[in-house]
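The values are calculated or read from the model by the stated rules, or taken from the named source; none is laboratory data. Since the model is a prediction, treat every value here as computed from it, not as a measurement. Neighbour counts run over all protein chains shown; Cβ positions are idealised from the backbone, glycine included. Ligands, DNA and RNA are excluded from the accessible area calculation, which covers all protein heavy atoms including side chains. Shrake-Rupley method; radii C 1.70, N 1.55, O 1.52, S 1.80 Å.
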Amino acid sequence: MSKMDPTKVKNEEDEFIGFASLPEQVHRKAVRRGFDFSLMVLGDSGLGKSTLINSLFLTDLYKDREIPDTADLVERTLTTVKKQIEIEEKGVKVRLTIVDTPGYNDAVNAEDSWKRVVSYVDQQFQLYYQAESGLNRKNINDTRIHCCLYFISPYGHGLKPLDILVMKKLHHKVNIVPLIAKSDVLTPKEVKRLKTKVLEDIKENDINIYTFPECDSDEDEEFKEQDKALKEAVPFAVIGSNTVVEAGGKKIRGRMYPWGIVEVDNPKHCDFIKLRQMLISTHMQDLKDITSEIHYENYRAESLLSSEVSKSNRERTKLKRDSIANLDKALETEQLLQEKEAEIQRMQEMLAKMQAQLQNNPNSQNGRLGNVR
Ligand code: GDP
């Protein structure tokens with residue numbers, strides 16, 4: 001066995017300055033700080049939003065939820081409900097905020113409902129904007145909505161007019177990920193047909209849903225395949241369940257029917273696994289980046305622009321006030337000019353009278369001019 005030359009090792013180490021450890025430092029700092037992620041679920045009530053969230057994060061976030069009766073539904077206006085949980089996996093903490101909008105479309109006045117949703121999203125931008133211009137910029141609690149899971153009814157034939165309206169109100173503010181809710185009520189063929197129709201509706205109405213970033217060309221084949229499958233699954237057809245059932249001696253999350261069990265986690269039964277992978281494992285940071293770099297920047301630019309416009313409006317009113325002062329001055333000058341002109345005219349008249357008198361009485365050249373006034 002050959003012995004290592006100690007001087008050679010030393011020389012190699014000397015060649016490193018040390019910045020290669022930077023990613024590690026960033027990683028450690030980010031892990032210590034933890035991650036904020038806010039998810040909004042939107043869609044008609046009863047489409048399985050709460051169930052899906054529980055299935056996604058393996059929790060029971062809605063155990064104390066009260067199901068409103070019909071009279072309540074008519075009376076009720078929309079309230080956004082925020083649930084916060086902290087999940088930890090291998091030392092990495094994610095502070096998760098789920099914004100549910102129970103009553104969206106329950107209230108008779110649907111317009112009121114979606115306006116509240118839009119204003120909620122705006123409010124979070126505003127809070128961040130204010131915090132960013134404040135003193136404690138380092139510890140901003142980021143409540144901006146990073147992703148909106150939009151639940152589409154499996155019973156319809158594509159997007160409803162209200163879906164189109166709400167998506168169009170939100171698509172420049174938030175990353176919309178469309179889902180076909182309760183897809184177990186449809187056959188695979190029906191799911192495929194509905195997906196195609198939803199995509200057509202999205203395209204026809206110029207709705208910008210979240211687009212997955214291009215996969216790096218140097219990624220391995222397996223990753224590329226996964227990425228392709230994710231993209232092709234949009235809108236994700238999902239199934240949610242709060243119950244664990246037994247199948248073949250294994251405990252699984254699923255829905256038990258007289259004819260069999262629908263497994264939430266089975267990729268042959270639905271796209272739940274793909275959605276979870278996208279949302280949590282592969283695209284969470286991209287959703288945050290798009291929120292921050294595109295949606296929030298749009299909001300910031302609009303805010304700056306509107307404050308500029310109001311400033312220039314103020315300037316214009318100031319200008320008007322200035323011009324009123326100038327107008328007063330101009331009027332004063334005009335009056336002075338008129339007075340001077342009148343005086344000159346009086347003097348010219350006087351001069352004319354004197355000349356006339358002189359012509360009539362040439363002898364009085366050296367005498368008194370008399371009263372010419
Ligand atoms: P939300 O009002 O949108 O939050 O809907 P919930 O999560 O409360 O679900 C309403 C009802 O639909 C409940 O009885 C659920 O058990 C049921 N449900 C939820 N998810 C699914 C699903 O994927 N398929 C079917 N068939 N039913 C579901």
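Just in the stretch 187-288: which chymotrypsin sites (Phe, Trp or Tyr not before Pro) are loop by DSSP and have at most 13 other Cβ atoms within 10 Å?
Answer by residue number: Trp259.
Please compute the Kirkwood hydrodynamic radius over the stretch 205-257, one decimal place, Å, based on all pairs of different Cα atoms.
Final number for the Kirkwood radius of the stretch 205-257 is 14.6 Å.
How much net charge surrounds Asn175 when only other residues with a Cβ under 13 Å from its Cβ are counted (Lys, Arg +1; Asp, Glu -1)?
Result for the neighbourhood of Asn175: 0.
How much length is gained on full extension from Lys353 to Thr243, taking 0.36 nm per residue of separation minus their Cα-Cα distance?
Working it through step by step, the gained length comes to 27.8 nm.
Spin-label point model (7 Å from Cα, Cβ direction): what's the Val31 to Asn360 distance in nm?
Taking the two extended label points, one gets 11.9 nm.
Give the long-range amide H neighbours of Phe236: residues separated by 5 or more places, or on another chain, with amide H under 5 Å away, using H modelled in the peptide plane at 1.01 Å from N.
Residues meeting the criterion, in which the H sits 1.01 Å from N, are Ile180.
Could you tally the net charge around Val94, taking each other residue with its Cβ under 10 Å from the Cβ of Val94, Lys/Arg +1 and Asp/Glu -1?
-2
Asp218: accessible area at probe 1.4 Å, nearest 10 Å²?
130
Can you pull out the trypsin sites (Lys or Arg not before Pro) in the stretch 217-276 whose DSSP state is coil and whose Cβ has at most 10 other Cβ atoms within 10 Å?
Those satisfying the criteria are Lys268.
For Glu132, Glu297, give me the order by solvent-accessible area with a 1.4 Å probe, most accessible first, ignoring ligands, DNA and RNA.
Correct descending sequence by accessible area is Glu297, Glu132.
Can you pull the percent of Cα pairs in the stretch 130-284 with separation above 21 Å?
55
With label points built 7 Å along Cα→Cβ from the Cα atoms of Gln335 and Leu305, find their separation and express it in nm.
Distance between the two pseudo-spin positions: 4.7 nm.
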